[in-house]
Structures are given as C-alpha cells and as structure tokens.
1. Inside the range 17-32, can you point out the residues that are assigned to a helix (DSSP H, G or I) and within 12 Å of Tyr127 (Cβ to Cβ)?
2. Taking the options Leu63, Leu76, Leu46, Leu31, name whichever one is of a type in the set (A, V, I, L, M) and open to solvent by less than 20 Å² (accessible area, probe 1.4 Å).
3. I'm trying to understand the selection: among the residues of the range 26-77, which are in contact with a Cys (Cβ under 9 Å, 6 or more places away or on another chain) and of a type in the set (Gly, Ala, Ser)?
4. For the range 326-356, name all the residues that are exposed (fewer than 13 other Cβ atoms within 10 Å of the Cβ) and in contact (Cβ under 8 Å) with a residue 24 or more places away in the chain.
5. At pLDDT 75 or above and on the phi < 0 side of the Ramachandran plot, is that true of Ser125?
6. Residue under question is Pro117, and the condition is that it be surrounded by fewer than 20 Cβ atoms within 10 Å (Cβ to Cβ), at pLDDT below 75 and within 20 Å of Pro42 (Cα to Cα); does it hold?
7. Could you tell me which numbered condition Cys172 fails, if it satisfies all but one of (1) open to solvent by less than 60 Å² (accessible area, probe 1.4 Å); (2) closer than 19 Å to Glu247 by Cα?
8. Which of the numbered conditions does Glu190 fail, given that it passes all the others? Conditions: (1) surrounded by 15 or more Cβ atoms within 10 Å (Cβ to Cβ); (2) out of contact with any helix residue (DSSP H, G or I) (no Cβ under 7 Å at 6 or more places or on another chain).
Amino acid sequence: MKRGYKEKVDPTEKGFDELDESTRHATIERLIAGIQAKKTKPEDILKLTEHFRKRHSMEDGELYRLGVFSKDYNKLWATKHNRCHGSHEVMLSKRQSQYKSWREILKATTPRFKPRPNEAENPQSLYDASYLTYRPYELDMWGPASYGTLVYDLWNELDIIVNHMQDGRQLCNDIMAEEAAIDKDPERKEQLFWAQYWSVAEKNHDTIEYHIKKGIVNTDNPVYKKMLAYPNTITDLAQNDFHVPSETQMSDFVVLHQTLIVQENEITHQESELLGNNFEKIKLLRFAVEHLDELLPKKGQRFDKLYTLIFIKWCHVLKSGKRKDNEHELFNYIRGHYIGYSKFYGWPSLFELRNSLGSSENVWKQDVAAFNEKLTNLYKTYTEQQNEHKNLNG
C-alpha cells in the first residue's frame, strides 16, 4: 500500500459532499497556520501564488464547459457520461482542474504524513488533515509579519479557487436535481428516449441500410438484452434505464433494432426511411394507398389536390438531410404504389398549393384528424369483414 494521505474522492454523494464541504472552512488565518506549520519559505509562497494564477484560465474554461454540459446532459436519454460509475463520478471528472488546484493547496498546508494505527483500514484523508480545513491550529503572532503581503496574495488566488469550486458544485447540484426529477417522470423519459432514438437512426441511416441489405444482425448488445428482459420491452427500457447506457451502446442498439424490425415486418427500405419503424403507420399507409379511390375525392379523373396533401400530411414523413423535399419523396411512393385508374396532379402543382397554404402543423391539424378518422374507420370495417369471411370459411 502506498503510504500517505488519501487523496482520491469517493465517487459517491458522500464523497462529493465531503470534497465541497472542505472548501467552506478555508480562512486566511488557517492558510497562515498551514504555512507557518510547514515553515514555508517566502520564495515558495511566491512560486505557489504564480502557479495558481496561471491555472485560473484553465479553471475558467472548465467551469464554462461544465455550464455547456449542464444544458445538454439531461436532454439525452443515453450520454457519453453514463451511470456505469454513478453521476457523482461524472461530475467529479468534469471538475478535474478545480479538484487538482484544491488538492495542491491542501498539500501545501498539511503536516508531513505520519502513519496511525490501523492506517490500512482507515486511511487519513488529505481533506481532513490540512490546517486549511479541519486540523486545529494556533497562530504564531509574529509569523505573518515575516511574509509581508505574500500570504495575502496567495489568499486572493486561493479565494478564486474556492469560488470556482463552489460555482462548480452549484452547477453539478442543478444537473443532478434535474436528473432526479426526470427519473420520477416516466413520460418525459420516454420522450427523451424516442427523440434520441430517431436522431441516432437518422445519423446511422447508411449503416442501417447496409445491415438490412447484408442481413447483418448482432444481438450481443447490452441495451437490447436489457430490453428483452423487460415485460413491456422497449417501453420499460425507456422508463427504467434513463442515463444508464452509453451513447455508443444506444447507437448500436438503434442500428440493431431498426434492422430487426425491418426484417421481421418486411418493411421496405424506402418505407423505413420515410416513416421509421412505425409498422402500424406503414400498415395503414399501405392500406390507404390500396383504397385511395374510397378515401380521396376527385376532380374529374384526378385526385383532389388539397386532399392529396392532407393524406401526405397525415403520413408525417421523417425529415432527412439527404432528401431535398421529404414530402415529394413520399408523394412518389404513393403514386408508385397506387394501382387504379385515377390520376394525380403533378408535384409542382401540389407544391405550389402546399406553400400557399403554409407548412405549419396547425394549418393541417383539423383536416389531418378528419382524414385519420375516415381511414381508421375504413380499416376497421375492412378488417371486421375479413375476419367474418375467415370465420365463415373456417
């Protein structure tokens, strides 16, 4: 065992609190007591002061990055900084330069290490042993004068270190409080899961396409295995494993999940690209295309332009940076799969009408709801008739 003070902070709530609580005891009197006890030379104080002064820009940068991190951390269901080791360890790792500066000043104000009985079982903590934190002290009334203003300059730098530590702690508290609030909100966790799921699917579009074409399936993924262990599979996964998987595990899971869904439901790549893995929606889309003559009114031999657009809006096609116009590609899918005698207006004509009406979802909300009701009723009637037919011939 390495002999010396324990410097590592336990990555737990208790360790996190002990680290930050130690900063609350620092006073200039304690700093002077530590310097006197160590018999620190004036030139060493000057070097220490300059050392910390040079580190402040690094600590400012770290504090800034922690602030940026705090804005995004709880917007993701899976993060690079997952809970494999606990959120407190994540926070400690984001504050390394603050932590390092504090540890250095504690070493400069802590007596030489002397082993105690049962040291292996109960190692002395640097955060308890320093005069700057908890060690009892008595000031030599003549000592401070020998340092002149040097000790006050060092105190000013130390004060900045403490402020950085406390600001960092507040940011971490806010992050963990929000994380705890999300953990109690199943609906919010699901929203975060699916938002990230589709974002990952979009970014890994080419990989998913390649896996589908080549039939590549590797189920050795911890997120996928966890999902299978839950009674309600993906819903339970989303609600119970917030901030547990890493982003890499999540990415691998999405690629695997998308590949399996497409294969199991025989979803075409084009359908997957337009509507994702929502097989129920794809099933209704296919049904609607087969029954367009019953769903869409016509003007002469052509399907009405407005109702064609309402149908396209109902589909709510996924956005993709690779497509110039997502709805145009969906229109091509509908026209290409329609088998009947009616005709469509061309896309330029539909495009012009769409732009004149506006693209806001609220513009189409009422018409889309009416179309959805008409489609689901037709699908329900058709399904019931099919079941009756099967029973009669059963």
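1. We begin by selecting, within the range 17-32, every residue assigned to a helix (DSSP H, G or I); these are 17-25, 28-32.
Hits for the range 17-32 are Asp17, Glu18, Leu19, Asp20, Glu21, Ser22, Thr23, Arg24, His25.
2. Numbers: Leu63 fails: open to solvent by less than 20 Å² (accessible area, probe 1.4 Å); Leu76 fails: open to solvent by less than 20 Å² (accessible area, probe 1.4 Å); Leu46 fails: open to solvent by less than 20 Å² (accessible area, probe 1.4 Å).
After applying the criteria, what remains is Leu31.
3. As a first pass, look at the range 26-77 and keep what is in contact with a Cys (Cβ under 9 Å, 6 or more places away or on another chain): 66, 70.
Hit for the range 26-77 is Ser70, nothing else.
4. Those that are exposed (fewer than 13 other Cβ atoms within 10 Å of the Cβ) and in contact (Cβ under 8 Å) with a residue 24 or more places away in the chain: Ile339, Gly340, Tyr341.
5. On the way: at pLDDT 75 or above: yes; on the phi < 0 side of the Ramachandran plot: yes.
Yes: the conditions hold for Ser125.
6. Values: surrounded by fewer than 20 Cβ atoms within 10 Å (Cβ to Cβ): yes; at pLDDT below 75: yes; within 20 Å of Pro42 (Cα to Cα): no.
The answer is no for Pro117.
7. Going through (1) open to solvent by less than 60 Å² (accessible area, probe 1.4 Å); (2) closer than 19 Å to Glu247 by Cα one by one, Cys172 breaks only (2).
8. Just one mismatch for Glu190, condition (2).
The values are calculated or read from the model by the stated rules, or taken from the named source; none is laboratory data. Small disclaimer: the values here were computed from a predicted structure and weren't measured. Glycine gets a Cβ as well: all are built from the backbone with ideal geometry, and neighbour counts include every protein chain shown. Just so you know, the surface numbers come from the protein's heavy atoms only, side chains and all, with ligands and any DNA or RNA stripped out. Shrake-Rupley method; radii C 1.70, N 1.55, O 1.52, S 1.80 Å.
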